[in-house]
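The values are calculated or read from the model by the stated rules, or taken from the named source; none is laboratory data. Since we're looking at a predicted model, the values are computed, not measured. Cβ coordinates were reconstructed from backbone atoms using ideal geometry, including for glycine residues, and neighbour counts include every protein chain displayed.
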Ligand SMILES: [Zn+2]
């Protein structure tokens, strides 16, 4: 828990730091930032590397309890730190779902026991995620949830969603919506467009996401609630979030690496690893996501890491489940595809996720818990899914060459992952 990080480019946009210097860690906490000579500590030479506040992926499915053949809290935590994430937020659609404090407590204690990454559980909005009655939100907050969401499903009942936005304000936690009008998306397996027509697959129109988002924005404005949009995927959604922020709404939005990297063209050979929800969209939608990232409309990058057992992804396209793994490819794709400044990249992967989830902040400041991500932005590497720490293999990025990688992940002052 003691470490001297020497000669790294220390970047923390929140504390307005960007300089080459040393970081002293004692007892799992940052003790000083600045030239450190004559310090008797184990040394991590960070010459040529970037030292950043620990990255936080706020949209992850860990599958435990209930589907441990696809992922556990331990294996998901291993994949997280291998991808440079010191913390993840775990969506509640486990089996049973995290809709009560005993499941929340189980996740918290299992994460402490077995995960190298910190795990912040997200509670369900509704009981069993059925969209009928509110879950035990207050009790789950006591047990440790940091947000509520019925992710995987939207809350179709507007009245119930209004109540959730109002109730969540009492605890100052965000309400995260998976925006999808289930009537508009019914039976769809990919983006509705030229490719769905050509492939003869039923489409999910962009309007399915946008219709729900527009309802939600009205309710967020009416209640003043803290609203967060999960995995935004269309030009219309980006525009609506942009306008809502301009009106002063306290909302936030995330994008996944697959939505800013791939389009519906990836479905052309019926690859089930190109099947996700929301679906991969058109090249025009992708361009709008990039614009939204660049102008600050989109706050955070989150993977929507959704492991599935190989047997399920080997089903035909119509029957295979939605979702791909993402924890180990997020950072590489973000650096390779987006060409952002280091400041903006770290904002989207660490600072803004912390702010959205209202967690006790960490970063490059004295007395912060020493949760750090060390990047080599120039490192060229190839993702090999066979070497993934995740229990699942459903990634469309197998064999992809990327530039930029997390080469060390430090949690509480301990190096939990290293790839020099
Ligand atoms: Zn979702």
Quick check on residue 66: is it over 19 Å from residue 109 (Cβ atoms) and either surrounded by fewer than 24 Cβ atoms within 10 Å (Cβ to Cβ) or under 15 Å from the mean Cα position of the chain (by Cα) (or both)?
no
Give 346, 335, 290, 298 a once-over and let me know the one that is within 16 Å of the ligand (Cβ to nearest atom) and at pLDDT 95 or above.
298
Given (1) in contact with a strand residue (DSSP E or B) (Cβ under 7 Å, 6 or more places away or on another chain); (2) part of a loop (DSSP other than H, G, I, E, B), residue 76 misses just (2)
Matching residues, region 244-265, being within 16 Å of the ligand (Cβ to nearest atom) and free of Cβ contacts under 8 Å to residues at least 60 places away in the same chain:
253, 255, 259
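Taking only region 266-287 into account, find how many residues are within 23 Å of residue 398 (Cα to Cα) and either away from the ligand (no atom under 16 Å from the Cβ) or surrounded by fewer than 17 Cβ atoms within 10 Å (Cβ to Cβ) (or both).
Looking only at region 266-287, we keep the residues that are within 23 Å of residue 398 (Cα to Cα), and these are 266-283, 286.
Subsequent filtering for residues that are either away from the ligand (no atom under 16 Å from the Cβ) or surrounded by fewer than 17 Cβ atoms within 10 Å (Cβ to Cβ) (or both) retains 266-274, 282-283, 286.
Looking only at that region, the number is 12.
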For region 128-145, which positions are under 14 Å from residue 94 (Cα atoms) and buried (at least 17 other Cβ atoms within 10 Å of the Cβ)?
129
Just name the residue that is surrounded by the fewest Cβ atoms within 10 Å (Cβ to Cβ) out of those in region 372-409 that are in contact with a helix residue (DSSP H, G or I) (Cβ under 9 Å, 6 or more places away or on another chain) and under 16 Å from residue 349 (Cα atoms).
377
Counted residues, region 294-314 - those being outside any loop (DSSP other than H, G, I, E, B) and surrounded by 24 or more Cβ atoms within 10 Å (Cβ to Cβ):
3
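Please specify each residue of region 52-63 satisfying the condition of being more than 16 Å from the ligand (Cβ to nearest atom) and either closer than 9 Å to residue 90 by Cα or within 12 Å of the chain's Cα centre (by Cα) (or both).
Filtering region 52-63 down to residues more than 16 Å from the ligand (Cβ to nearest atom) leaves 52-56.
55, 56 - these are the residues of region 52-63 that are more than 16 Å from the ligand (Cβ to nearest atom) and either closer than 9 Å to residue 90 by Cα or within 12 Å of the chain's Cα centre (by Cα) (or both).
In region 362-382, which residues are within 19 Å of the chain's Cα centre (by Cα) and under 20 Å from residue 332 (Cα atoms)? Steps first, answer last, please.
The first filter runs over region 362-382 and keeps only residues within 19 Å of the chain's Cα centre (by Cα), leaving 362-363, 371-375.
Within region 362-382, 371, 372, 373, 374, 375 meet the criteria.
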Filter result for the condition that a residue is crowded, with 24+ Cβ neighbours inside 10 Å, modelled with pLDDT of 95 or more and over 25 Å from residue 251 (Cβ atoms), over 176, 107, 125, 148
107
Identify the single condition in (1) outside any helix (DSSP H, G or I); (2) more than 17 Å from the chain's Cα centre (by Cα); (3) over 25 Å from residue 182 (Cα atoms) that residue 287 does not satisfy, given that it satisfies every other one.
(1)
Are there any pairs, at least 6 apart or on different chains, whose C-beta atoms fall under 6 Å, with the first in region 39-61 and over 16 Å from residue 334 (Cα atoms) and the second within 16 Å of the ligand (Cβ to nearest atom) and part of a loop (DSSP other than H, G, I, E, B), and if so, which?
61/91; 61/306
Select from region 215-270 the residues that are in a loop (DSSP other than H, G, I, E, B) and in contact with a strand residue (DSSP E or B) (Cβ under 7 Å, 6 or more places away or on another chain) and list them in ascending order.
225, 226, 230, 231, 232
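Taking helices (runs of 4 or more DSSP H) that fall entirely within region 84-193, which contain at least 1 residues that are within 16 Å of the ligand (Cβ to nearest atom)? Before the answer, list the steps.
Working: elements: 101-114, 137-143, 158-169, 182-185.
Ranges flagged: 158-169, 182-185.
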Among the candidates 374, 324, residue that is under 30 Å from residue 269 (Cβ atoms) and either in the same structural domain as residue 267 (by TED's automatic domain parsing) or touching a strand residue (DSSP E or B) at 6+ places or on another chain (Cβ under 9 Å) (or both)
324
What is the number of the single condition among (1) more than 20 Å from residue 223 (Cβ to Cβ); (2) surrounded by fewer than 18 Cβ atoms within 10 Å (Cβ to Cβ); (3) under 25 Å from the mean Cα position of the chain (by Cα) that residue 169 does not meet?
(1)
Cβ-Cβ distance below 6 Å, separation of 6 or more or different chains: which pairs start in region 225-243 with a residue that is without any contact (Cβ under 8 Å) to a residue 60 or more places away in the chain and end on one that is within 14 Å of the ligand (Cβ to nearest atom) and not in a helix (DSSP H, G or I)?
229/253; 233/278; 241/253
